[in-house]
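Below you'll find the structure, written out as structure tokens, and then a few comments.
Rule-based calculations on the coordinates, nothing more; no lab input. Only a predicted model underlies this, so the values are computations on that prediction, with no experimental measurement involved. Positions of Cβ are generated from backbone atoms using ideal geometry, with glycine treated the same way; all protein chains shown enter the neighbour counts.
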Amino acid sequence: MILSVRDLRIRFGHAAAAPFAVDGLDFDVSAGEIFVIIGESGSGKSLTGLSVLGLLPQGAVASGSIRFDGQELLNQPEAVLRPLRGGRIGVVYQDPLSAMNPVWPVGEQIAEVLRAHGLAGRREAARRSVELLERVHIPDAPRIALAYPHEISGGMRQRAMIAMALACGPRMLIADEPTTALDVTIKAQILELLSELRRELALTVVLITHDMGVVAELADRILVMYAGKVAELGPAAQIMNRPSHPYTQALLFSATMSEAPAKADLPAIRGTAPPIEARPAGCRFHPRCPQAAADCREAAPNLRRLGDVLLACHYPLLNGDAARPGCAP
Amino acid sequence: MSGTASSVTAHTTRLSSTGWPGRVLLIVAWIIAAALAVFALMPHLVAPYDPIFLDVVDRLRAPGLSHPFGTDEGGRDILSRVIYGTRYSLGVAVAIVIVAALIGILYGAAAGMSSRRTDDLLMRIVDLFFGIPALVLALALAAAIGRGLDTVVLSLAVVWWPGYARLVRGEVLRLRERPHVEAARALGVGTWSLLFRHILPFVVQPVNVRITTDIGYALIAVTALSFLGLGAESPTPEWGLLIRDSRPYFGSAWWYLVFPGVMVMVTATVCSIIGDGLAGSEASSRGA
């Protein structure tokens with residue numbers, strides 16, 4: 001296990017009544033896999049990613065444990081975390097235009113990461129930054145290295161961001177919605193690049209997304225989050241083909257349908273994800289769940305094992321079929 | 001961001017949206033500013049006479065061909081004194097604002113980058129400085145270290161820097177949340193690099209606007225202190241001092257009072273117009 005998260009809880013403020021945005025999360029990521037965390041906005045997926053490197057927004061309080069290579073990361077001082085940031089764990093953000101500094105050339109920003117970790121002097125860092133741009137398949141890298149972020153295309157910028165994240169040869173990459181700001185063809189190229197890098201550099205990738213399309217392309221394992229909790233966690237193939245949780249099924253259904261030509265209605269999960277301060281009692285998904293029964297409204301389902309999959313549902317779907325309330329195992 | 005940016009635009013649209021009259025005004029202001037810079041840096045090239053040369057025969061002469069702005073009670077040419085005075089009045093005002101801005105930027109950046117508790121403490125100290133009245137401080141300093149333009153610079157810089165500290169701290173707090181700063185931090189860039197390479201470059205513009213506008217206010221403060229006898233000493237041709245010296249002759253020699261006064265007014269107005277212009281271009285470059 002390269003990364004193991006235990007009972008991770010994150011909330012804003014110390015007040016006992018403050019709700020947990022991330023509410024008791026457990027998962028492991030093994031070395032070399034592509035681990036996808038998927039969920040709607042507000043599910044706590046981004047907070048989970050940020051907490052690994054101590055990058056939570058001000059006011060957020062985290063408890064539990066996050067171990068990377070056996071080393072505890074949660075609530076550690078900056079002095080411990082800083083060498084890891086960009087050093088052993090790289091981060092790629094959603095919108096490369098706003099995530100790059102507009103006043104410095106692209107190559108200089110990659111070189112800065114190398115210098116910040118004391119891996120290269122000024123000249124060496126500049127040379128390596130061109131190599132890194134070539135590594136992520138940017139054509140004419142020496143010229144692009146001297147260009148400013150606004151002078152290159154969105155896809156190039158995201159490649160350059162990935163080059164920055166890879167500069168110090170990290171073992172793990174956390175990518176927070178890396179393709180959301182890109183159009184479809186570019187998106188496919190960036191995903192292809194991530195999967196190539198994983199293969200060739202034996203990189204572990206934690207991919208945070210709300211896009212089932214991304215998951216289908218490259219996930220090894222999937223964690224489906226809903227309202228701060230695990231809904232379903234397991235091998236990608238099984239979850240994609242035979243989702244057990246009604247929420248996963250609904251997500252998959254919206255994804256497949258949105259890629260098909262417009263038919264009658266756009267399928268959507270009815271309702272919206274509950275705001276963090278007004279989560280329903282019982283199973284948090286029950287107001288939107290087509291299978292919800294009486295006990296779903298009262299008791300929160302515990303996480304339990306079903307084959308290779310961990311899942312939190314009173315009435316899991318069997319073979320992709322809706323299980324009827326009352327006749328569940 | 002939207003809060004500060006929109007108040008800046010609301011403040012400046014008056015000038016920038018009026019189209020050509022605003023632009024012409026701005027161009028005129030820049031031309032006058034250039035002339036003032038020449039006056040301050042190379043007065044000997046422009047002034048017709050030595051500003052402290054006494055000529056008792058020609059005392060209190062009305063404006064005419066040989067002395068376009070007239071002469072004072074010592075027969076000194078007021079045009080020359082006003083031109084040389086730019087160096088003292090405007091120079092001192094610029095010095096005050098630059099010193100205040102440097103202190104304020106360092107202090108504000110330190111507060112903005114520190115933990116919440118340190119930040120709170122640092123800003124309470126700033127609040128204390130806001131409470132110091134410039135005039136009383138200038139009087140006290142003049143009593144303690146003697147009057148003179150350096151006392152003026154010291155006392156005004158002391159009351160002026162907190163404004164920059166507050167401005168810069170606010171900008172730093174706002175910019176710290178910018179995605180590119182977060183991203184640089186996430187890749188291990190250290191606090192100093194974050195501040196100097198990723199945050200301060202974006203503070204330059206609002207500080208620039210503030211400096212330009214403040215030079216006008218500082219000028220008025222400098223001349224006021226000199227007028228009260230706390231600043232420059234005779235025969236330094238400082239504008240405030242010229243106005244002070246002209247008082248006994250106000251009834252008979254209007255030019256003695258009016259021309260230095262006009263210089264103060266014009267210079268302060270030019271600073272305000274240029275500051276407004278810069279604020280307008282800053283707002284548009286922010287996309288506001």
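When its C-alpha radius of gyration is set against 2.2 N^0.38 Å (N residues), the range A:105-158 gives a value of 1.05.
Projected onto their three principal axes, the Cα atoms of the range A:173-260 cover extents of 35, 28, 23 Å, largest first. Values of log10 I(q)/I(0) for the range B:218-288 across q = 0.25, 0.27 Å⁻¹ run -1.04, -1.13, by the Debye formula with one identical scatterer at each alpha carbon and no solvent. Estimated purely from DSSP H runs of n ≥ 4, each contributing -39500 (n - 2.57), the mean residue ellipticity at 222 nm for the protein assembly as shown is -16500 deg cm²/dmol once divided by its residues. The alpha carbon radius of gyration of the protein assembly as shown, expressed as a multiple of 2.2 N^0.38 Å, is 1.32.
Of the residues A:ALA294, A:ALA31, A:ALA125, the one that moves most in a GNM of chain A with alpha-carbon contacts below 10 Å is A:ALA294. Extension gain for B:VAL24-B:ARG116 works out to 28.5 nm (0.36 nm per residue, less the C-alpha to C-alpha distance).
Less than 5 angstrom separates the built amide H of A:GLY24 from those of A:LEU8, A:ARG9, A:ILE10, all sequence-distant by 5 or more or on a different chain. By the gyration tensor of its Cα atoms, with a ≥ b ≥ c the square roots of the eigenvalues, what is the shape of the range A:52-100: rounded for a/c under 1.5, prolate for a/b over b/c, or oblate? Since a/c reaches 1.5 but b/c is at least a/b, the shape of the range A:52-100 is classed as oblate.
Taking each residue as 0.36 nm, the span from B:ARG124 to B:MET265 lengthens on full extension beyond its C-alpha to C-alpha distance by 47.3 nm. Only sites in a loop by DSSP and with at most 15 other Cβ atoms within 10 Å count here; which trypsin sites (Lys or Arg not before Pro) in the range B:13-87 make the cut? Counting only loop positions with at most 15 other Cβ atoms within 10 Å, the trypsin sites (Lys or Arg not before Pro) in the range B:13-87 are B:ARG59. Of the residues A:ILE66, A:ILE152, A:ILE38, the one that moves most in a GNM of chain A with alpha-carbon contacts below 10 Å is A:ILE152. Label sites at A:SER30 and A:LEU146, each approximated as a point 7 angstrom past Cα along Cα to Cβ, lie 4.8 nm apart. With θ taken as phi - 60° and the Karplus curve 6.51 cos²θ - 1.76 cosθ + 1.60 applied, the whole-hertz 3J(HN,Hα) list for the range B:128-135 is 4, 5, 4, x, 7, x, 4, 5 Hz, x standing for glycine and proline. Seen against the Cα atoms of chain B and their longest principal axis, helix B:204-227 is set at about 30 degrees. With distances taken between every two different alpha-carbon atoms, the range A:121-199 has a Kirkwood hydrodynamic radius of 13.1 Å.
Inter-chain Cβ neighbour count for A:91-98, averaged per residue, equals 4 (cutoff 10 Å, partner chain atoms only). Residues whose amide H falls under 5 Å from that of A:TYR226, counting only those 5 or more places apart or on a different chain, are A:ALA231, with hydrogens built in the peptide plane. Debye-formula intensities of chain B, expressed as log10 I(q)/I(0) at q = 0.10 Å⁻¹, are -0.64 (one equal scatterer per alpha-carbon, no solvent). Mean-square fluctuations from a GNM of chain A, with a 10 angstrom spring cutoff on Cα atoms, peak among A:ALA293, A:ALA17, A:ALA273 at A:ALA17.
Using R₀ = 25 Å, calculate the FRET efficiency as 1/(1 + (r/R₀)^6) where r is the Cβ-Cβ separation of B:ASP58 and B:ILE31; round to 0.05. Step by step, r from the Cβ atoms, then E = 0.20. Seen from all directions on average, the range B:34-165 presents a Cα convex hull projection of 10.7 nm².
Highest mean packing first, where packing is the average number of other Cβ atoms within 10 Å per residue, the peptides B:245-252, A:239-246, B:192-199, A:84-91 line up as A:84-91, A:239-246, B:192-199, B:245-252.
Within chain A, all pairs of alpha-carbon atoms sorted by distance into 10 Å bins from zero give the percentages 6, 25, 32, 23, 11, 3, 0.
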